[in-house]
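The block underneath contains the structure these notes are about, expressed in structure tokens.
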Amino acid sequence: MCWANSYGANADGETKSTAAIQKAIDVCAQAGGGIVRFKPGAYVSGAIFLKRNIHLLLDQGVTLLGSQEDADYPSLWTRVAGIEMKWPAALININEQSNVKISGGGTIDGRGQKWWEKYWKMRRDDYEPRGLRWAVDYDAERVRLMVVWKSTDITIENLSLKRSGFWTVQVVYSDHATINGLKISDNAGPSTDGVDIDSSNHVLIENCDIDNNDDDICLKAGRDYDGLRVNRPTEYVVIRNNVARRGAGVLSFGSETSGGIRHVVAYKNRGVGTAEGIRFKSAKTRGGFVEDVLIRDLKLENVPLPFTFNLNWYSAYSYVTLPKEMTNIPAHWTVLATPVTPPERGLCEFRNITIEDVQAAGALRIFSAAGLPQKPIVNVRWRNVQAQGRSAGVIENARDWTMQNVKLTTTDGLPPAMASNTNVATPEMIKQ
């Protein structure tokens, strides 16, 4: 066991302890691995990098506080929002390692307010007036809380994570990862996703309680040209016994779908006041697919949009137009603007999805499903669904949807509006 305090880590909540913590990790790793531990208190740190066979143990009463200095997060090659580019390191980094664990009941506080304010100022005062909504997420360079990159056999469990500058936990190009018992809170800033699984496989997410600004749990696989180039799926994922509170989606698929998302099982999850429930989203330049998904034993309370499918999601963010008058275009802008050819390669497919044993109450619009004429949403099986809301919503450009024991209770008692569908069943309707 290595105590970070033995190498100079200071628990006063003010003194920067990055070098001392990293020294403890490195010494422990050189000895073959083991536990790195802290005495109770608050430790300020910039980016730290865990090594093979290290268990970072943050006991209750221990808090890591993210440094507020940009220089404490060195720029490195990574993947951000679907493309590979240089970006600041996260507060906690597991890069090309194996058999790493972080646990203990303690707290990691990214203190992300600084980066939230930076983003909003850039977006409001500069980027949106110039029609560059699509670029600001990449240019703001907000610090993520925790990133697992090209690693295997990783466990992250029993921690309180809060105030991330950007995404909270991102698992990218990795396999055999367990995310268990995380409490994610106080993420009031933009794009403060809870858990993002990005072109990774054999992942378990369970027993988490997530309250944040954007997607609570999200599966991703790359964006547009660059995501199709990498062509690496997210697959073999189990998501169970989680609670989503605030946030954009209890469980989201996309919008980064380029490498494909498949073989996903989600059960015994719950949404409480989340903006959306099960959220499938992509765009006409993403490509890829979402398939072989089973969602069951789901409870949604006061979730306005329980079931959304959108293949043309958020055009101001999804589609890139470079300013004609601009010179010295940043390299990542060029990547984002690289066309997908032929264009039909950019059309994503949602197919072979089962949603069953669902209870939803307090919805505004139960179905919000919009496929494309050339890419309908195919083979969605609904079984044992009871949903109550203001309206049944809309289903358009869908094919081969079955509904067995699906009962919707709405204010008007009218079925979903249907448009351009083929062989799509109608649910049983009850007027409230």
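The values are calculated or read from the model by the stated rules, or taken from the named source; none is laboratory data. Please read all numbers here as calculations on a predicted model, not as lab measurements. Cβ sites come from the backbone with ideal geometry, for glycine too, and all protein chains shown count toward neighbours. Please note that ligands, DNA and RNA were not included when accessible areas were found on the heavy atoms of the full protein model with its side chains. Shrake-Rupley method; radii C 1.70, N 1.55, O 1.52, S 1.80 Å.
Phi angles across the range 141-148 convert, under the Karplus curve 6.51 cos²θ - 1.76 cosθ + 1.60 with θ = phi - 60°, into 3J(HN,Hα) values of 6, 8, 7, 6, 7, 8, 10, 10 Hz, Gly and Pro given as x.
With respect to the chain, whose longest principal axis is taken over its alpha-carbon atoms, helix 18-30 is tilted by about 90°. Its Cα gyration tensor gives the range 300-432 an equivalent ellipsoid, and the semi-axes of that ellipsoid, as √(5λ) in whole Å with the largest first, are 36, 17, 12.
Per residue, the range 99-176 exposes an accessible area of 33 Å² to a 1.4 Å probe, with every protein chain left in place. Packing around the peptides 305-316, 81-92, 338-349, taken as the average count of other Cβ atoms within 10 Å per residue, puts them in this order, highest first: 81-92, 305-316, 338-349.
Just need log10 I(q)/I(0) for the range 1-148 at q = 0.12, 0.14, 0.19, 0.21 Å⁻¹, Debye formula, equal scatterers on the alpha-carbon atoms, no solvent, rounded to two decimals. Values, matching the q order: -0.53, -0.69, -1.10, -1.28.
Computed from backbone phi, the HN-Hα couplings of the range 293-303 come to 10, 10, 10, 8, 6, 10, 10, 10, 10, 6, 9 Hz, rounded to whole numbers (Karplus: 6.51 cos²θ - 1.76 cosθ + 1.60, θ = phi - 60°; Gly and Pro given as x). By the Cβ distance rule of under 4.7 Å, the chain has these cysteines without a partner: 208, 218, 348.
Would you mind working out the accessible area per residue for the range 331-392, using a 1.4 Å probe, and quoting it in Å²? Mind dumping the intermediate values first?
Numbers: 2620 Å² over 62 residues.
Computed with neighbouring chains in place, this is 42 Å² per residue.
The amide H of residue 398, built 1.01 Å from its N in the peptide plane, has 377, 421, 422 as neighbours under 5 Å, considering only residues 5 or more places off or on other chains. If you sort 1, 146, 326, 403 by accessible surface, 1.4 Å probe, largest first, the order is 1, 326, 403, 146.
Amide H contacts for residue 309 (H built 1.01 Å from N in the peptide plane; partners 5 or more residues away or on another chain; cut-off under 5 Å): 280, 368, 369, 370. Surface exposure of the range 183-271, expressed per residue as accessible area with a 1.4 Å probe, stands at 26 Å². Here the contact order of the chain, divided by its residue count and restricted to Cα pairs under 8 Å and six or more residues apart, works out to 8 percent. For q values of 0.24 Å⁻¹, compute log₁₀ I(q)/I(0) with the Debye formula on a Cα-only model of the range 257-360, without solvent. For the requested q values the scattering log ratios are -1.25. Along its principal axes, the range 1-74 has C-alpha extents of 32, 28, 18 angstrom, given from the largest down.
Pairs over the 24 Å Cα-Cα cut-off, from the set 101/299; 16/39; 86/284; 268/431; 51/150: 101/299; 86/284; 268/431. Each residue of the range 111-124 was assigned a 3J(HN,Hα) from its phi angle through the Karplus curve 6.51 cos²θ - 1.76 cosθ + 1.60 (θ = phi - 60°); the sequence is 6, x, 3, 4, 6, 4, 5, 4, 4, 4, 5, 4, 5, 6 Hz, with glycine and proline shown as x. Expressed as a whole percent, the accessible area of the chain that falls on carbon and sulfur atoms is 47 (1.4 Å probe). Which percentage, to the nearest 5, of the DSSP beta bridges contained in the chain is antiparallel? Bridges in the chain that DSSP calls antiparallel: roughly 5 percent. With a Förster radius of 41 Å applied to the beta-carbon distance between residue 390 and residue 327, the computed FRET efficiency rounds to 0.20.
Distances between placed amide hydrogens fall under 5 Å for residue 181 paired with 158, 206, 207, 208, all partners being 5 or more residues away or on another chain.
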